[in-house]
Amino acid sequence: MPEITFLGHAAFILGETGRETLLFDPFVTDNPLAPLSLEEIKTDYILVSHGHSDHLGDAYRIAKNNNAMIISTAEIAGQAQEKGLKAHAQHLGGRHHFPFGSVKLTLAFHGAGIPGGHACGFVIEYYGKKVYFAGDTALFGDMKLIGELDTIDLALLPIGDNFTMGIDDAVVAATFLKAKAVIPYHYNTWPVIEADPEEFKRKVEEKTASSCVVLPPGESYRF
Ligand code: NI
Ligand code: MN
């Protein structure tokens with residue numbers, strides 16, 4: 001059974017015993033919520049949603065330490081390749097197959113954090129389970145399409161407001177996505193993105209058929 005572990009802020013590790021590990025938006029150094037040190041993180045792939053420092057974070061160092069492949073937009077993948085790292089470039093709307101399943105880049109309404117680029121989200125198929133990681137984004141109506149085109153088992157949504165959706169917009173996102181389970185992130189890292197994940201959980205479970213799992217940093221959920 002796949003397991004997802006929250007590493008604080010927007011960082012997650014997805015894996016399953018004996019199979020490849022995928023790391024999302026690895027912000028470890030300077031992340032006050034990080035439960036692991038850089039050296040403790042082992043991964044095969046690193047998915048980067050955009051170039052802001054709280055998402056691109058330590059991706060290049062971890063990629064080097066682990067000989068891991070970065071999967072991101074053409075702009076970030078290109079920058080990684082210039083540093084001699086393994087990277088696979090995709091762009092919005094494109095899906096690519098990998099040994100573990102596939103990765104599709106979705107829209108995300110947010111800054112790219114790198115010249116010429118776009119921010120993105122990801123729909124990941126991992127051994128038959130589908131995970132949507134929204135990245136940093138505003139609420140947008142085409143999230144409905146994401147939920148229609150793929151049957152999402154697990155949706156990861158930012159709730160901290162100010163830079164991304166806040167709780168109420170993220171609840172609307174959950175109604176669009178119709179995922180079996182939802183996990184909030186991008187909150188309580190700093191005072192400016194303070195939010196109560198229990199309020200989000202209560203509202204999601206009142207207004208949708210999804211269950212909501214609040215993960216303290218370092219904790220995992222099997223699905
Ligand atoms: Ni950002
Ligand atoms: Mn962010």
Among the residues of the range 92-111, write down those that are in contact (Cβ under 8 Å) with a residue 40 or more places away in the chain, in contact with a strand residue (DSSP E or B) (Cβ under 7 Å, 6 or more places away or on another chain) and either within 15 Å of ligand 2 (Cβ to nearest atom) or over 17 Å from Phe24 (Cα atoms) (or both). Ala108
Residues that are in contact with a Phe, Trp or Tyr (Cβ under 7 Å, 6 or more places away or on another chain) and either assigned to a strand (DSSP E or B) or surrounded by 19 or more Cβ atoms within 10 Å (Cβ to Cβ) (or both), drawn from the range 105-123: Leu105, Thr106, Leu107, Gly121, Phe122, Val123
Kindly list the number of the only condition in (1) farther than 13 Å from Leu23 by Cβ; (2) assigned to a strand (DSSP E or B) that fails for Ile71. (1)
Would you be able to say whether some residue in the range 156-171 is within 16 Å of ligand 2 (Cβ to nearest atom), surrounded by 24 or more Cβ atoms within 10 Å (Cβ to Cβ) and either in a helix (DSSP H, G or I) or of a type in the set (Asp, Glu) (or both)? yes
Please specify each residue of the range 42-62 satisfying the condition of being away from ligand 1 (no atom under 16 Å from the Cβ), of a type outside the set (D, E, K, R) and out of contact with any Pro (no Cβ under 9 Å at 6 or more places or on another chain). Tyr45, Tyr60
Answer from Ile124, Ile114, Ile146 - the residue that is within 16 Å of ligand 2 (Cβ to nearest atom), β-branched (Val, Ile, Thr), farther than 16 Å from Phe6 by Cα and touching a Ser or Thr at 6+ places or on another chain (Cβ under 9 Å): Ile114
Residue check, His52 against (1) outside any strand (DSSP E or B); (2) away from ligand 2 (no atom under 14 Å from the Cβ), all met but one. Which one? (2)
Pick from the range 1-21, criterion of a type outside the set (S, T, N, Q), away from ligand 2 (no atom under 16 Å from the Cβ) and assigned to a loop (DSSP other than H, G, I, E, B), ranking: least open to solvent (accessible area, probe 1.4 Å): Pro2
Could you give me the residue pairs with C-beta distances under 9 Å whose first residue belongs to the range 132-157 and is within 21 Å of Gly51 (Cα to Cα), whose second residue is surrounded by 24 or more Cβ atoms within 10 Å (Cβ to Cβ) and of a type in the set (D, E, K, R) wherever it lies, and which are 6+ apart or on separate chains? Phe133/Asp25; Gly135/Asp25; Asp136/Asp25
Could you tell me which residue of the range 174-204 is surrounded by the fewest Cβ atoms within 10 Å (Cβ to Cβ), considering only residues that are among the small types (Gly, Ala, Ser) and away from ligand 2 (no atom under 16 Å from the Cβ)? Ala181
When you scan the range 172-187, how many residues do you find that are within 16 Å of ligand 1 (Cβ to nearest atom) and in a loop (DSSP other than H, G, I, E, B)? 2
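The values are calculated or read from the model by the stated rules, or taken from the named source; none is laboratory data. The model shown is predicted, which means the values in this text are computed figures rather than measured ones. Positions of Cβ are backbone-derived with ideal geometry, glycine not excepted, and every protein chain shown enters the neighbour counts. Quick note on the areas: whole protein, heavy atoms, side chains included, nothing else; ligands and nucleic acids left out. Shrake-Rupley method; radii C 1.70, N 1.55, O 1.52, S 1.80 Å.
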